[in-house]
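Where a number appears in this text, it was derived from the coordinates with a stated rule and is not lab data. Given the structure is predicted, the values throughout are model-derived calculations rather than measurements. As a convention, Cβ positions derive from the backbone with ideal geometry for all residues, glycine included, and neighbour counts pool all protein chains shown.
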Number of protein chains: 2
Amino acid sequence: MSGANGESVVLLSGGMDSVAALYETVQRGPVAATLSFHYGSKHNDREIPFAAWHSQKLGVPHLTIPLDFIGRHFASDLLAGGGEVPKGHYEEESMKKTVVPFRNGIMLAVAAGFAESKGASALVIAAHAGDHAIYPDCREDFMRAMGDAMRLGTYAGIELVRPFIHLTKTQIAARGAELGVDFSRTWSCYVGGETHCGECGTCVERREAFQLAGLNDPTEYASTGPLPARPVATAN
Amino acid sequence: MSGANGESVVLLSGGMDSVAALYETVQRGPVAATLSFHYGSKHNDREIPFAAWHSQKLGVPHLTIPLDFIGRHFASDLLAGGGEVPKGHYEEESMKKTVVPFRNGIMLAVAAGFAESKGASALVIAAHAGDHAIYPDCREDFMRAMGDAMRLGTYAGIELVRPFIHLTKTQIAARGAELGVDFSRTWSCYVGGETHCGECGTCVERREAFQLAGLNDPTEYASTGPLPARPVATAN
């Protein structure tokens, strides 16, 4: 890590990947703060309390930044005002509707400014090898350009750190278990109901990750029917 | 311009550069919307009404996005909670205090998401040849990386357009006058009082621009003492 005080800020949604990334980062060095965003999505109210819970457990200050304008002025089925969240595996046509335009760009930019104002040197995001290429702001070339922009656009030269970039979601589940993460206190489901639905794209991935990692899945699902076959087109 | 509907979104602070850039862009093609940000600075309340005024005059929808979290969680003398705005020319040590960490990164990222959600193809910013290298997020290498991130991170491949990148502020004043811009309805002063102070870094630049362009300066200044000598270190 370059410049500033050597501390990290961790982007923490409250999902299993970012919670595991927090535990990983705490093992590697000091963490200045964790940062959640409330952008008006259906599942924000479910996942952010878990982000706060893990931060408190690890003694790291946690901050939630509201991005209300996204819900008011941007169009997406992922948002509370949008249509129904599609079921089954991620696929180009159905999941395109869940895109919040340039969400990662916005969250990384705000977090970079926050990290600089805290004197931190690095910003940690739980991007991983299975991130979906249908979201342009999850792709490698975007991440590289955005990392350059953050480093060049800050005095501290904030570094974008992706500890899980070479891991699959299954490997993250395994690594999280090693680190002692209580995955029952993480949230994935995009529907945002009382329990995980078990059928939306993120629930399917969550169930698969625990299953393939050979871990007990502590999640309560509304539906635990057989997992759909993985489409040939889906990488990872 | 690439992809989408060929329309532009224009970043419009209400200062003389961005207002001139709006008139320039309207001449070149369709404008989907103008976008202002209220990030809690002392002069936002002065400049944004001018942004709205020019948009309405040109028949372009105008939107102000509040970025309240910057005022609450970021540290800078430019913000209402910060210290006094320094007087005189921009210089490394005094003006560093007016930096809002990664402000351009945050504004560009939010605007890129907004532009994509409006189906626009391009985002226009009034960056110019005199932008101050003390702000890392005004530098050319940052702008290039951020432009890449916006293009790569959106379905539409949003293009970052800088119509004035090769002009000085003096040349922008001259171009704006040609385009019929009423500069009395633009705001520069960082102090954000009833009238322009005439002494802060942005006021000094504004006064110089009109003077060097040989234009009548329609601005009411609280102080119109002699302009300070330009420091040797300042480019442009």
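Quick notes on this one:
- Cut-off under 5 Å, modelled amide H: who pairs with A:His62 long-range: A:Thr34
- When only alpha carbons are used to place a centre, the range B:102-129 and the range A:174-236 end up 36 Å from one another.
- Averaged over the residues of B:136-145, the number of partner chain Cβ atoms lying within 10 Å of the residue Cβ comes to 5.
- Cα principal axis extents for the range A:8-213, largest first, Å: 43, 39, 29
- Position A:Pro228: other-copy label points at 6.4 nm, ordered by increasing distance, label point 7 Å along Cα→C-beta.
- Peptides B:214-227, A:158-171 ordered by average Cβ neighbours within 10 Å, highest first: A:158-171, B:214-227
- Ranked from shortest, the separations from the 7 Å Cα-to-Cβ label point of B:Leu58 to its equivalents in the other copies are 4.6 nm.
- Label-to-label distance for A:His166 and B:Arg144 is 2.9 nm, based on points extended 7 Å past Cα in the beta-carbon direction.
- Counted by Cβ distance under 9 Å from A:Tyr39, the other residues give a net charge of 0, where Lys and Arg count +1 and Asp and Glu count -1.
- Axis proximity, chain A to B: residue whose C-beta lies nearest, plus whole-Å distance: A:Ala109, 2
- Within 10 Å of the Cβ of each residue in B:64-72, the mean number of Cβ atoms contributed by other protein chains is 4.
- Residues whose placed amide H lies under 5 Å from that of B:His196, excluding near-sequence neighbours: B:Glu220, B:Ala222
- Inter-copy label distances at B:Pro30 (7 Å, Cα→Cβ; nm, one decimal): 5.4
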